[in-house]
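Visitor: Structure in structure tokens, see below.
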Amino acid sequence: MKNEAILRLRENGGLSPIDIHFADFMERLEGRQAPELWLAAALVSSCTRRGDICLDLFSVESRLFPETEENPEENHPVIRPGLEQWREKLMNFSVVEKPFEYKPLILDDRSRLYLYRYWQYQEKLASLIRVRVQKDGNNVDRAMLQKGLARLFPGEKQNRGIDWQKVAGFAAVTKKFCIISGGPGTGKTTTVAKILALLIELSGSKKLSVTLTAPTGKAAARLKEVITFAGARLDCSDGIKAKIPEETSTIHRMLGSVPGSPYFRYHSNNKLNTDVVVVDEASMVDLALMSKLVQAIPPEARLILLGDKDQLASVEAGAVLGDLCEAGDARRFSKRFCREFESVTGSKIDIASNGTEKSALNDSIVQLRDGFRFGSGGINELSRAVNRGKAAFSIKLLKEHGYRNVQWKELPRPHALSGAIREPILRGFGDYWKSIGSPAEIFNRFARFRVLCALRQGPYGVIAINRLVEQIFTEEKLIGSGKNWYPGRPVLISRNDYHLRLFNGDVGIALPDSESNDELRVFFPADDGTLRKLHPLRLPEHETAFAMTVHKSQGSEFDELLLLLPDKASAVLTRELIYTGITRAREQVNIWGKEDVFKAAVSRRIERASGLRDALREI
């Protein structure tokens, strides 16, 4: 690899300035020009920005850099060295070392190259989960457990077959670590409310400290809402119901963010004072945050993760929930687990679910299968088809099966979009602009409809659609012309501000404040279920939120949504994105797109490079 090739790669290699600066920095630390090191450093920086934990050297074997399809000879692309040759050269650099050594770059024996901090996050998380998985719950009164499971999880009396919520309850009580995965409406949060009631009963006179958390403010508020609703309806005494916690918080607030730094007040040397930690919407938690969270939890405490493994992964690096679920197998339990479950509940786990004892992690993962939100309607059928990668059948469901709550529309051309989208926008947001009520009521109205976009840029992206929506509302005289701030403007926070306790993804609404002479204030849901308000000028980076990306919609639910796909295929368009978008709706999904683009997206899965799965398979 010649230095001239690196110069061309700098100019036309699809690398960001930070990738190039990092690669330059590695060369400076090495003290000499080293093209193989420069390329590896630039690529590992680039892939972590895209969401990978590491660079899989094998995956880029024989690739051209910069990648080009036209006249490759004229563009003089860089062809990276052969895998073994590259590995050998990298291991001879002073800035590269094997795992467990303190060097900027870590190269493992499977040809995965890490930034040191990401390798450390992965290793600490994997080691702590290994310890947790091997531990059973504290001495549990089996007679009380039997009675509690029968009373709180009566599902088998109503449905034939295995009550997977009961299996989840048994796993969460008997293990120190438990993952409860399932699609929308499968009862994950209701299940955990029952689990908390059971744990409180089993704790007797001892006070059980329970921490409920989620990655975003809206997800934490939703967790509080469901726990409160489900807890009031449990088949247990009023005394137990009163002890079920209702307070929730974001993970950042729970850990105690240190302003201006990536550190937290609670960490491996200053652990949280808690007996049980429940993390909702765990698919949204990136590797760094999950590692820091698990390090801060006392080893004797239980950790329960709730989430949908098939949703989009976190925006930052890692797909932790997916890696955890793939490292184990939610359909295979150990023979010991099956025997103990039967001895306590009298119910058998179907022999098809009783596989080999491949991994101890299997007994900690339960997949809920029965959906209650959608029933057997179009949203349920469509989400299942998309999740299984059945692109042609998904289009057929949208176009031919006559489901009223899932509708397909051919994507209008950009010049025709304004006219086509006008009626859906005015109808969807119609209730939102009715006479102003309380801020809480306005938030409820705002949750009834949303436009979800796959991209930020372009004629079908979030930025353009929000401008278009505001233009429609201006023409209807619902908002004043040329005003940046107006009553009813929804905003989405795009940068964390630890001083204001506002985090990326939080949504607020600008409304007149009677306590401030009717001046506009932006109201945000607080962790305790109330609303807090801030002057618009105090907000960190934000954007209008009549339309939002599918990524930013995670943890939200809307009665109806319009999912707007771009007119061209993109690497961003994946099965997980389509599935996540569809399952944000409670009642109605409208998809506007081009058939070939939709099919290509459903056929493409997110693949994030990671060593976490392999580290956990060794349990």
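The values are calculated or read from the model by the stated rules, or taken from the named source; none is laboratory data. Remember, predicted model here, so these are calculated numbers, not experimental data. Quick reminder, even Gly has a Cβ in these numbers, built from the backbone with ideal geometry, and neighbours come from all protein chains shown. Each accessible area value is taken on the protein alone, full model and side chains, heavy atoms only, with ligands, DNA and RNA left out. Shrake-Rupley method; radii C 1.70, N 1.55, O 1.52, S 1.80 Å.
Visitor: What dipole magnitude, in Debye to the nearest 20, does the range 241-290 give about its Cα centre under +1 on Lys/Arg Cβ and -1 on Asp/Glu Cβ?
Guide: Working: 5 positive and 6 negative charges, 47 e Å.
Magnitude of the dipole: close to 220 debye.
Visitor: How do the peptides 257-263, 520-526 rank, highest first, by the average count of neighbouring beta carbon atoms within 10 Å per residue? Before the final figure, lay out each step's value.
Guide: On the way: 257-263: 11.6, 520-526: 21.0.
Top of the packing list down: 520-526, 257-263.
Visitor: Okay, moving on. Put a dot 7 Å past each Cα toward the Cβ at L500 and K434; how far apart are the dots in nm?
Guide: 3.1
Visitor: Taking a threshold of 26 Å on the Cα-Cα distance, which of the pairs K335/K390; K166/K390; K176/K335 fall above it?
Guide: Working: K335/K390 34 Å; K166/K390 31 Å; K176/K335 19 Å.
Check vs 26 Å cut-off fails for K335/K390; K166/K390.
Visitor: Sort the range 477-566 into rounded, prolate or oblate with this rule: let a ≥ b ≥ c be the square roots of the eigenvalues of the Cα gyration tensor; rounded if a/c is under 1.5, and if a/c is not under 1.5, prolate when a/b is larger than b/c, oblate otherwise.
Guide: Details: a/c = 1.70, a/b = 1.21, b/c = 1.41.
Oblate is the answer for the range 477-566, as a/c is 1.5 or above yet b/c matches or exceeds a/b.
Visitor: Taking only C-alpha pairs under 8 Å that are 6+ residues apart, what is the relative contact order of the range 533-619 in percent? Kindly include the intermediate steps, with their values, before the conclusion.
Guide: Working: 80 pairs, mean separation 27.6, N = 87.
Reported relative contact order: 32 percent.
Visitor: I would also like to ask the following. What order do you get for 511-517, 569-575 when each peptide is scored by the mean count of other beta carbon atoms within 10 Å, highest first? List each step's numbers first, then the result.
Guide: Details: 511-517: 12.3, 569-575: 17.3.
So the order, starting with the most tightly packed, is 569-575, 511-517.
Visitor: Something else: Give the accessible surface of the range 361-509 per residue, rounded to a whole number of Å², with probe radius 1.4 Å and ligands, DNA and RNA excluded.
Guide: Values: 7000 Å² over 149 residues.
For the range 361-509, the solvent-accessible area averages 47 Å² per residue.
Visitor: With the cut-off at 1.5 for a/c, could you classify the range 204-243 from its C-alpha gyration tensor as rounded, prolate or oblate?
Guide: Working: a/c = 4.44, a/b = 1.57, b/c = 2.83.
Since a/c reaches 1.5 but b/c is at least a/b, the shape of the range 204-243 is classed as oblate.
Visitor: If you count only protein heavy atoms and use a 1.4 Å probe, how large is the accessible surface of I479, to the nearest 10 Å²?
Guide: 20
Visitor: If the chain between R130 and K594 were fully stretched, how many nm would it gain, using 0.36 nm times the residue separation less the Cα-Cα distance?
Guide: Numbers: separation 464, 0.36 × 464 = 167.04 nm, distance 4.55 nm.
Answer, rounded to one decimal: 162.5 nm.
Visitor: Also, I was wondering about something else. Roughly speaking, what is the stretch gain from R233 to R617, that is 0.36 nm per residue apart minus the C-alpha to C-alpha distance, in nm to one decimal? Working shown, then result.
Guide: Numbers: separation 384, 0.36 × 384 = 138.24 nm, distance 3.90 nm.
This chain segment gains 134.3 nm when fully extended.
Visitor: Another question, then. What does the charge count around R265 come to, taking other residues whose C-beta lies under 12 Å from its C-beta (Lys +1, Arg +1, Asp -1, Glu -1)? Intermediate results must be reported in sequence, preceding the final value.
Guide: Working: positive: R253, K271, K292; negative: none.
Summing Lys and Arg as +1 and Asp and Glu as -1 gives +3.
Visitor: Still on this structure: Simple spin-label model, 7 Å along Cα-to-Cβ: K207 to N92 in nm?
Guide: With each label point 7 Å from Cα toward Cβ, the separation is 6.5 nm.
Visitor: Taking N as the number of residues in the chain, what value does Rg over Cα atoms divided by 2.2 N^0.38 Å take?
Guide: This ratio for the chain stands at 1.01.
Visitor: Still on this structure, I have one more. Local charge sum around L234 (other residues, Cβ-Cβ under 15 Å, Lys/Arg +1, Asp/Glu -1)?
Guide: Result for the local shell: +3.
Visitor: FRET efficiency for K271 and E475, Cβ-Cβ distance as r, R0 = 41 Å, nearest 0.05? Walk me through the numbers before you get to the answer.
Guide: Numbers: r = 56 Å, r/R0 = 1.38.
Between K271 and E475 the formula returns 0.15.
Visitor: In the chain, carbon and sulfur make up what percent of the accessible area (probe 1.4 Å)? Write down the numbers at each step before the final one.
Guide: Numbers: 12890 of 27520 Å².
Of all accessible area on the chain, carbon and sulfur atoms account for 47 percent.
Visitor: Further question on the same structure: Quick one: which residues, 5 or more positions from R586 or on another chain, have an amide H under 5 Å from its amide H? H modelled 1.01 Å from N in the peptide plane, none for Pro or chain starts.
Guide: Amide H neighbours of R586, under 5 Å, 5+ apart: F558, D559, E560.
Visitor: Same structure again: Please list, by residue number, everything in the range 257-276 whose backbone N is under 17 Å from a paramagnetic label point 7 Å out along Cα→Cβ of E247.
Guide: Backbone N within reach: 257, 266, 272-276.
Visitor: How much area per residue is accessible in the range 76-228 when the probe is 1.4 Å and only protein heavy atoms are counted (Å²)? Mind showing how you got there, number by number?
Guide: Details: 6440 Å² over 153 residues.
Computed with neighbouring chains in place, this is 42 Å² per residue.
Visitor: Which whole-angstrom value gives the distance between the alpha carbon centres of the range 422-455 and the range 150-203?
Guide: 35
Visitor: So what's the range 556-612 giving for Rg/Rh, alpha carbon basis, Kirkwood Rh from the mean inverse pair distance? All intermediate terms of the calculation are to be shown ahead of the outcome.
Guide: Numbers: Rg = 12.7 Å, Rh = 12.2 Å.
Rg/Rh: 1.04.
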